[in-house]
Each structure stands twice: as structure tokens, then as C-alpha cells.
1. Direction-averaged shadow area of the convex hull around the Cα atoms of region 549-628, nm²?
2. Using a 1.4 angstrom probe, figure out how much accessible area region 481-527 has per residue, in square angstrom, rounded to the nearest whole.
3. With a 1.4 Å probe and all protein chains left in place, how much of the accessible area of region 395-453 comes from carbon and sulfur atoms, in whole percent?
4. Of 234, 319, which has the most accessible area and how do the rest follow, probe 1.4 Å?
5. Suppose all protein chains stay in the model; what accessible area per residue would a 1.4 Å probe give for region 166-241, in Å²?
6. Residue separation times 0.36 nm, minus the C-alpha to C-alpha distance between residue 522 and residue 428: what's the value?
7. Given N residues in region 490-596, what is its alpha carbon radius of gyration divided by 2.2 N^0.38 Å?
8. For region 235-356, rounded, prolate or oblate, judged on the Cα gyration tensor with a ≥ b ≥ c (square roots of eigenvalues), a/c < 1.5 rounded, else prolate if a/b > b/c?
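The values are calculated or read from the model by the stated rules, or taken from the named source; none is laboratory data. None of the values given here were measured: they were computed from a predicted structure. For neighbour counting, all protein chains shown are included, and Cβ atoms are generated from backbone atoms with ideal geometry for every residue, glycine included. With ligands, DNA and RNA removed, areas are computed over all heavy atoms of the protein, side chains included. Shrake-Rupley method; radii C 1.70, N 1.55, O 1.52, S 1.80 Å.
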Amino acid sequence: MVKMFKRPVILTIVCLLSFHSAVFAQGDMSRQKTVEPKLDEKALARCISDMEAKDEGTRAQAAYKLGKLGKSAEPQQLQRILESLKGALRDPNEEIRLFAARSLGQIANESPKHARQLGPKLVPALKNQDSEVRSVIAKALVKSRSLAKIELKEVQGWLIECLTNKEGDLRRCAAYILGDSHKHLSPGQIKRIVPGLIKLLKGRDKGLSTVAAHALGKFPKYATHGVKPLLLLMPDRVGEEQEEIWTTLYQITTGVDRSQARAIALIFIEVLAHKNSGVCRNAGYLLGLLAGKLDQLNATKAVNRLSAFLDENDPLLLMMATQSLASFGSYGVPILLEKLGAASIDLKCAIISGLGSQGSKTQEAIPKLLGLLKDKSNEVRCYSIAALGKLGRVGSSKKRVEIFNAILAESEDIDWTIRRHALESLDRLSNRVSKGHYKKIIAAFAVCLRDENRLARHFAINALGSLGARDTRVGAKVIAQILLRTLKNGKDQVEIVRALGQLNGGGVAGIPLLKDFLTAKEGLLRFHAVEALGAILKEVPELEAQGTIAALTKVLGDKEIDIRRAAVIALGELGEKSEKAVPKLIKLLTDKDVIIRRIAAGALGKIGKHLEKRESIVEGLKRTLRDKDPRVKEAAKEALRLLLSEDHSPGK
């Protein structure tokens, strides 16, 4: 009977698929115009009734249709669909069982909102007698990620057994479910699961081993034996898979307690002898993470093994060794300082970088690093300046002052590279020093504004803009005055105007000059003048802002489209201050440029919500609802919702 049935049903389903494809293709043009209708109750009842029919072809068609209907079903309707399809998984005919599984998978994949409801229904289906049904269900579960909070009481034991099943899809699904439901597992169950996951790491299936790695990361305290397989797995992976494995290793390493740290440290020390340099690097970095959890004996073992890499020529291994040794503080820092004396330039730089990366653990290195500021090699000096800047942030106030004065002196060096590193470190220290020292930092950057080197000037301008944006002591107004004096020299105008915009209200003194730049010949200068004025005017009282807003409104007619766009955005962000710009913005709703029309609609919504008289805005936006571009229409709809909402009446 089954053999006679298979071919007609397949033909029937192919016809159905063709019909549905044609319908969907025909409906693509109108999909944006109509909202998806609710599921017809009569159609659903007919399909569920057909699932009980004697005719196998009728049951097969019903199973197929229920998968389509599930996407638009309400919660109660979905429950009936799932129960019907779940029953069909036990149908005597294997074709019907497969169609039911595929429909369940389709609902899981296409309806994220139903995922949590689907999970408990799909998991038991993994026990189905058909391997193809099991595979379809497993893939659907994994793809929909509807695994969290699944009730696993009935299938936990079976899922653990699935970790060693011959079917790859089942093993993958079991690993996913058990990993994602880790909060609902007892310690005894976890101890049974972890060996199975570790075994999957050693298989040939890369995707499966990555899934197993992800699951192991959920059980860091129990997965210490998986560290070595995970490390050996890393070189064969790239991109997201490699990141997944590294995340798991990090979770395991940082999640262990002191009693487990010794065992895992010994594993890392063993792996450091591996011939693959990538494996050694990863083991070394992870060993450094354990530094604070090891006793003296094991810390000494780790330091001795890591110090052997200081003689390597591989710069990546050198970087690993220096950073990890520095993380061991008083155990590793003396070794690094001793090595500095007769080291090559490359090794010196690696050691200095490692010392700078560990902050409070390497404070004893500060005197040595201060001495290296006089080294013959500019590269060594630059690395020392950068390291001192990092150490100064976490050290005592006395050491910070000593570091500050030394770096400030380096900011006057004749070599621009040295000066740049010094200025960067001063910037890093800016929120850790006294008010007097802070003023000296600003003065150092101000001196740099007169530098003959264009890159030096631009660096200083950007740094001053950044300082002014976060400054709460001296005030952005002081920085604004420095920038404005430089602006009058005629150099670097674009960069200075951009920096003034970062100062927000602190750049008020620059408004007259910025207004003049709105008509400058250089388009980039006009563009940044618009952006800067938009940022500054937010902090200026409305009466004082009106003259400048009138100038910004004129820019709406600029010949360059990017400048017009910037002006629209700026006016919109100013809200009710831009009331007089409304007529011109309404005209822009019919502009040739789609982006102008869209952002003009948004700007009108932001301005109009604060105004009592908004009729002209509403009328203009309603006309825009007939725009050909769906993005413009959506922007107009959103603006109208904002204007017509009771929650956004004027004054609220």
C-alpha cells in the first residue's frame, strides 16, 4: 500500500508546491501594500480534520498545508496545529511522517515568535523511528535556536546518549540542547554530559566539534579536561568558529577556582611544548589568566616555562611570553627587567609592551621604564612612553606625577613620532591628574597647533576636540578659544571647525565665524560648519539661536546634496528652535533626492511635536504618504504618529 501511494503523493505535493510558488511570486508586488491576513479558522479546521482522513494523499496534503498555516496562526491555533502534526509523526506512512516533520521545521524556522512554544513539542520527536524525520527535526531545532527553557525531564537521559549516536544531526542537536539548557541540569547530569562533548571535539566533523565547544563553555567548572582538545582544535578553525572555541577556553580558564587552577595550569604548561606556534601562543595567554589563582610553586613553574620563549625569534610568541610573564607580577617582572639589559630592540619593545599591559602588577618596572626614555632607539622610547602612560593611570599619585613630568618633557622632543606618543599618553592621563597638570596638557596640545608638521597639527586639533567634549573642569570654552585663535590663521580650517562641533555648547564663541563658513567656497568646510552649528545651537537659548538658524535654513538651498542633507538633520535635531524653517522643509518633501525627502519628513516630526500650530506640517506629511519610495512613506507615517499622538502634545 505504501509503495503504491508514494508516487501519487509526491506528484500531488509537487503540484501544490508549484501552485504555492506561483501564488507567492504573483503576490510579491502587493506584499508591501497589504498586511498579512489572519489565519482562516475554517481552513484550519478543515486541514486538521483531513489529518484524520483514511486517504493517505489527503493526510499528506493536510500535513503540508499546516506548515504553511502555522506562520500566521494565533497562539491557540498554533497549539492545535502542533498537536495535529505531532500526531502525524506517528502515522503508519513514512511519507506523511516526513511531511509532518518538515512542516514542524518550517514553522520553527519561519516563526521566531513561536520558537519557545515549539521547542517542547519538537524535542520528543527526536525519538521518531525514521532517521530522516529525526534529522529534519534536529536541524529545525538547531536553526530556530528554540532550545532555552525546554522541559527536558523526559528526554535528558536519551539526549545524553545521543552524544554518541551514529547520526551527526542528532549528536549536534543533543549538544546544542544540553548546552543551552545548562541551568536546568544537575551536577550529576553535567558530569555525564561533559565526557561526551569532549569526545565530539576529537571527531572529523568540524561543525559538530564547534557545537561541542560552545556547549562545553556552559560548564566551565566541569570542562577542564576539555582544555587540551580545544587548544589543539584552534589551528584548524577560522573566523567565527575559532572565536567560539577561544570563548569557551576563556570561560573555562576564568571560571575555575583555585583548587582547579593547578590542574589546568599543568595542562597549559604541557601544551607550551607543542610544535604549533599558534597552539603555544593560546596556551601561554591562557596560562597568564591563571596567574592570580596559582600558589608560589605552580606560579614559579609557569614563569620558568614562559621565560624560555624570550629567546624566540617569532614576534607573536615574544608578545605572548612578555604579557603572560608580566601578569605574574613579582614572579615574572624581575625576569623581564633582567632581560631588558642586554636585549635586542625587538625584544626590548616586546618586554616594555608586556609591562605596560598589566597596570598595577608591574609598578616596580616604572623606574626602569623612565630610564629607557633616554635610550638611543626612538622605537624603544616610544614603547616606554606608551607603557608609562598606561601604568600612570593605575599607580599612586606620587608615581603619576613623576610619570607625567617625564612624558610632558618628551612632548617637546624634535622628533614628531616621540612627540605624538607623548601627547597620546598625556591624553590618556588627562582624567587622572590635577587641575594644574590638566592645564599643562592643554598647553602642550596648543603648542602643537603651531607645528610645521601638518599631521602634528591635525593630531592636536582632534585631541583638543576630544578633550573638550569630555571636559568638566577647565571648560570646553578655554579649548574653543585656543581653536578659534588658530582658525584665524587660515590653516586647517576644516579640522578646526569639526573639532568645534565636538565642544557642543563650549563652542558658542565660534558661532559668528561658523556662520561665515556656511557660504565658503570649499564644500567640506560648509558641510562641517553646518554640523558644528547644529551641535552648538542645541545648548544655546532660543532667542540667541534664531539668527544662526535663519542662516542654516538658507543652506537648505545649497548646490551640494550632502550639505543640504546635513542642514536638514541639524534643523530637525534643534526641535522647536527651527520653527521658522518649517516652510522650506515642507517643500523638501517633494525634493528629487529620496534621502532628502525621507530625512525632511523625520525633521518635521521632531520640530512639529513641540509646536501648537502644526497643521501645515501634518498636511505636508499626509501628501508624502503618496510618495513612490516606501522608505519616505514610512518616515512620513512615523512623523505623523509622533505629531498625532496624545503623548506628544506641545509642552510635554
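1. 4.6
2. 48
3. 48
4. My answer, sorted largest first, is 319, 234.
5. Solvent-accessible surface per residue comes out at 46 Å².
6. Working it through step by step, the gained length comes to 30.4 nm.
7. 1.00
8. oblate
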